[in-house]
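Visitor: One structure is given below, represented as structure tokens, and several questions about it will come after.
The values are calculated or read from the model by the stated rules, or taken from the named source; none is laboratory data. Remember, predicted model here, so these are calculated numbers, not experimental data. Cβ atoms come from the backbone with ideal geometry, glycine included; neighbour counts cover every protein chain shown. Quick note on the areas: whole protein, heavy atoms, side chains included, nothing else; ligands and nucleic acids left out. Shrake-Rupley method; radii C 1.70, N 1.55, O 1.52, S 1.80 Å.
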Amino acid sequence: MTARVSFTDVLSSTIALVTALLLSVRGQAHDETQYPELRGQWVRAHQRAQWDPSKPRGLAQQAPLTPEYQAIFEANLAALRTTTVDPQLRCLPAGTPRMMIAYEPLEIIITSEVVYIRTDHLSETRRIHTNGRAWPSRVTPSIWGYSIGHWIDQDGDGRYDLLEVETRHFNGPRYLDADGLPLHKNNRTIVKERIYLDKANNDLMHAEITTIDDAFTRPWTVTRDYDRERNPVWPEYLCAEANNHIIIGKERYFRSADGHLMPLRKDQPPPDLRNFKQPR
């Protein structure tokens with residue numbers, strides 16, 4: 001005698017089969033054991049915020065600038081206390097590669113197709129495409145650029161241990177640090193990175209960052225290090241709420257705790273108030 005199978009039984013079996021197949025495909029698409037374990041919070045290991053942490057700030061960075069951009073850098077340094085050199089004073093994002101200074105801790109999220117690097121500082125998120133795609137024929141430039149990366153298993157143990165990244169297609173303005181270390185205004189920057197864990201310390205991450213830019217006479221490589229916090233607390237960072245820098249024209253002032261406009265240098269002129277009603 002032939003057993004009778006109800007429509008409900010068939011539907012249930014089909015749903016179970018499809019679910020199992022989807023779970024199987026998903027598991028094959030992203031196997032966490034293939035990737036380095038980068039969870040947690042990554043805090044810059046060197047508290048100094050200049051671009052090359054191995055050298056003092058300012059001209060001592062010895063950036064390989066062309067004469068034109070060396071002059072721009074020196075002018076930026078001379079104007080630090082008075083003008084709007086640093087876009088972050090207006091709560092604009094740092095962009096690539098400056099974001100990797102990690103003013104606030106970094107978080108790295110790995111998926112099968114994209115690696116995300118994010119920070120609460122100025123709400124920045126980078127997307128690094130790791131699915132083997134080619135460069136698109138058309139890209140809308142951005143301050144973070146467009147990043148393509150690929151994973152490498154250097155020691156052949158079946159687990160990736162190096163992420164290589166190339167980033168192009170920028171807009172600006174962008175600087176390398178708060179001193180106004182400039183990148184070329186044509187925004188044809190290319191940034192190449194090698195990101196990996198230290199072989200002797202799994203809670204130390206290195207990022208070798210090479211910047212190729214028309215403001216430089218040669219590619220400039222620096223290494224930035226990050227310490228892992230495995231039980232992180234993510235602080236809230238709201239630039240506009242805590243930003244006491246007031247920029248009027250080309251002058252920069254400071255808002256005091258009681259809400260008054262304060263000068264930043266001796267004999268600094270007050271802002272031009274010609275469009276406001278003047279007291280009698």
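Visitor: If you place +1 on the Cβ of every Lys and Arg, -1 on the Cβ of every Asp and Glu, and leave all else neutral, what size is the dipole of segment 190-229 about its Cα centre, to the nearest 20 Debye?
Guide: Details: 6 positive and 9 negative charges, 39 e Å.
Dipole size: approximately 180 debye.
Visitor: On full extension of the chain, what length is gained from VAL114 through ARG230, given 0.36 nm per residue of separation minus the C-alpha to C-alpha distance?
Guide: Details: separation 116, 0.36 × 116 = 41.76 nm, distance 2.23 nm.
Full extension from VAL114 to ARG230 adds 39.5 nm.
Visitor: May I pose another question? Can you give me the long-range amide H partners of ILE248? Hydrogens built in the peptide plane at 1.01 Å from N, cutoff under 5 Å, separation of 5 or more residues or another chain.
Guide: TYR253
Visitor: Hey, what angle do you get for helix 67-78 against the long axis of the chain, alpha-carbon based, 0 to 90 degrees rounded to 10?
Guide: Tilt relative to the chain: about 70 degrees.
Visitor: Once all Cα-Cα distances of segment 225-280 are split into 5 Å bins that start at 0, what whole-number percent is in each one?
Guide: Answer for segment 225-280: a P(r) of 4, 13, 16, 16, 14, 9, 7, 9, 5, 3, 2, 1, 0 percent.
Visitor: 222 nm [θ] for the chain, helices only, -39500 (n - 2.57) per DSSP H run of 4+, per residue, to 500? Mind dumping the intermediate values first?
Guide: Details: 3 runs with 39 residues, N = 280.
Only helices count here, giving -4500 deg cm²/dmol.
Visitor: Pull up the DSSP beta bridges for the chain and report the antiparallel fraction as a percent, rounded to 5.
Guide: On the way: 52 of 55 bridges.
Rounded to the nearest five, the antiparallel share is 95 percent.
Visitor: Report the label-to-label distance for ASP157 and ILE212 in nanometres (one decimal), using points 7 Å from each Cα along the Cα→Cβ vector.
Guide: For ASP157 paired with ILE212, the spin-label model returns 3.2 nm.
Visitor: Hey, how many Å between the Cα centroid of segment 215-280 and the Cα centroid of segment 64-119?
Guide: Using only Cα atoms, the two centres lie 14 Å from each other.
Visitor: Excluding ligands, DNA and RNA, what is the solvent-accessible area per residue of the chain at a probe of 1.4 Å, expressed in Å²? Please list the in-between numbers first.
Guide: Values: 16600 Å² over 280 residues.
Per residue, the chain has 59 Å² of solvent-accessible surface.
Visitor: Report the FRET efficiency, 1/(1 + (r/R0)^6), for LEU92 and GLN278, where r is their Cβ-Cβ distance and R0 is 30 Å, rounded to 0.05. All intermediate terms of the calculation are to be shown ahead of the outcome.
Guide: On the way: r = 33 Å, r/R0 = 1.10.
About 0.35, to the nearest 0.05.
Visitor: Computed from the coordinates I sent, volume of the Cα convex hull per residue in Å³ equals one of (i) 259; (ii) 137; (iii) 167. Tell me the label.
Guide: Label of the calculated value: (i).
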